[in-house]
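Visitor: Please read through the structure below; I'll follow up with questions.
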Amino acid sequence: MSEINRSELKAVETEINAEKERIKNLEKKKNQPGGLSTDDQIELNWCEDTLADLKKKEKYWADLIRIQTKDDFEPESKPFKEADAGWTRSVTGIDTDYHEWAPPLDGDIRPSETFKSQFEDTASFIHMKNEAGRRFFLNLFLLDIVKRAEFGGLLKIFTEIPMEVTQSIGDGTKKRRLGGIIDYAVGLNVKELDMFDKAPPKELHLIAIEAKVEWGTDDFWQCVAETATLFKARKDAGKAKCRVWGMLSNAKLWQFIFINEDGILHQTGELSLNLHVYREVEIAKVYGFLYYIVKSCFDTCSPNPQSIRLS
């Protein structure tokens with residue numbers, strides 16, 4: 001059984017206990033003279049929503065651990081973090097051999113007028129020691145691109161999306177599973193989807209994005225596993241276009257991947273950013289790559305993304 005899964009479950013349980021304590025204290029205050037202030041009530045609502053989300057995560061990791069304990073010799077399931085090239089290939093069917101990817105970038109694409117000041121503010125006021133800090137830069141790039149006029153509000157950024165696919169192996173009596181939580185996914189902004197609603201079905205996501213602090217081979221294969229899961233989800237759903245994209249970044253380093261219609265994995269080299277100084281050449285290159293995959297995602301949704309409905 002994976003010790004990593006146990007650690008994930010323990011971490012979620014710790015967060016749940018902390019949220020319960022916050023709610024308990026606010027409920028006590030609510031029953032006291034004067035009750036809750038407006039800010040307190042907002043905090044209580046936020047804590048209750050957070051607790052509900054954490055309980056979903058707790059169930060996910062608990063279920064995953066139960067699945068893995070069924071067969072200690074031949075694990076039935078692996079989370080994205082533990083999936084190597086072989087496991088990902090066996091579940092999703094993609095070709096994981098090395099293929100260099102150099103997409104045709106539009107040299108005229110530049111960030112919005114406010115991007116530079118937001119980049120410099122992020123560098124000045126956000127501590128970058130952990131993943132949460134690094135995500136501020138990812139958020140900046142993603143939002144600046146997704147909200148561009150040419151995409152007409154038809155794309156949306158989804159965060160921490162649970163995703164899983166399965167595949168029969170051997171004589172079909174056993175199945176292998178690949179799953180976990182994707183840090184970010186870019187997909188269709190389904191017309192009737194409210195900002196607080198559940199995410200649309202997994203086959204409508206087209207870009208998997210994994211945020212990190214450290215950077216290693218295992219992190220690359222985690223991103224590949226997440227992207228390949230999107231590919232298989234679309235394949236299983238009978239989508240006419242199954243190609244998907246992925247991005248791995250710790251804000252200083254960026255790498256992009258592409259899985260084409262034939263399930264062949266392609267990857268770029270690593271791009272680097274100096275987070276201390278706004279260097280237009282570096283920014284333009286990273287921005288250009290990310291714009292390319294977002295536009296490709298948009299083109300895959302065309303000609304009529306608005307016609308998609310939640311099931």
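Visitor: Can you run down the residue pairs with Cβ atoms below 8 Å, 6 or more apart or on separate chains, where the first is in the stretch 122-142 and over 11 Å from ASP183 (Cβ atoms) and the partner is modelled with pLDDT under 95 and of a type in the set (Lys, Arg)?
Guide: MET128/ARG134
Visitor: Still on this structure: Can you find a residue that is at pLDDT 95 or above and of a type in the set (Lys, Arg) anywhere in the stretch 202-216?
Guide: no
Visitor: Right, something else. Please enumerate the residues belonging to the stretch 36-65 that are modelled with pLDDT under 80 and of a type outside the set (A, V, I, L, M, F, W, C).
Guide: Once the filter is applied, which keeps residues that are modelled with pLDDT under 80 and of a type outside the set (A, V, I, L, M, F, W, C), the stretch 36-65 yields only ASP63.
Visitor: Another one. Of THR300, THR227, THR217, THR268, which residue is of a type in the set (Ser, Thr, Tyr) and open to solvent by 30 Å² or more (accessible area, probe 1.4 Å)?
Guide: When all the criteria are applied, what remains is THR217.
Visitor: Output yes when any residue across the stretch 229-238 is among the basic types (Lys, Arg), under 28 Å from ALA102 (Cβ atoms), modelled with pLDDT of 90 or more and within 17 Å of the chain's Cα centre (by Cα), and no when none is.
Guide: For the stretch 229-238, residues among the basic types (Lys, Arg), under 28 Å from ALA102 (Cβ atoms), modelled with pLDDT of 90 or more and within 17 Å of the chain's Cα centre (by Cα): present.
Visitor: Hey, can you tell me all the residues within the stretch 275-300 that are without any contact (Cβ under 8 Å) to a residue 12 or more places away in the chain and not basic (Lys, Arg)?
Guide: Passing the criteria: VAL277, GLU280, VAL281, GLU282, ASP299.
Visitor: Of all residues in the stretch 158-177, which are under 15 Å from the mean Cα position of the chain (by Cα), surrounded by 16 or more Cβ atoms within 10 Å (Cβ to Cβ) and farther than 14 Å from GLU210 by Cβ?
Guide: GLU164
Visitor: Could you name every one of the helices (runs of 4 or more DSSP H) located completely within the stretch 70-146 that has at least 3 residues being more than 18 Å from the chain's Cα centre (by Cα)?
Guide: Counting at least 3 such residues, we get 85-92, 115-125.
Visitor: A further question on this structure: Suppose we keep only residues that are more than 30 Å from VAL165 (Cα to Cα) and among the β-branched types (Val, Ile, Thr) within the stretch 92-150. Which one would you say is most open to solvent (accessible area, probe 1.4 Å)?
Guide: This residue is THR114.
Visitor: Now, a different point. Taking the stretch 2-52, which residues are in contact (Cβ under 8 Å) with a residue 24 or more places away in the chain, open to solvent by 60 Å² or more (accessible area, probe 1.4 Å) and within 24 Å of LYS81 (Cβ to Cβ)?
Guide: Selection gives ILE4, ARG6, GLU13, GLU15.
The values are calculated or read from the model by the stated rules, or taken from the named source; none is laboratory data. All values reported here derive from a predicted model rather than from experimental measurement. Backbone-built Cβ (ideal geometry, glycine too); neighbour counts: all protein chains shown. When the accessible area is computed, the model is the full protein with side chains, heavy atoms only, and any ligands, DNA or RNA have been set aside. Shrake-Rupley method; radii C 1.70, N 1.55, O 1.52, S 1.80 Å.
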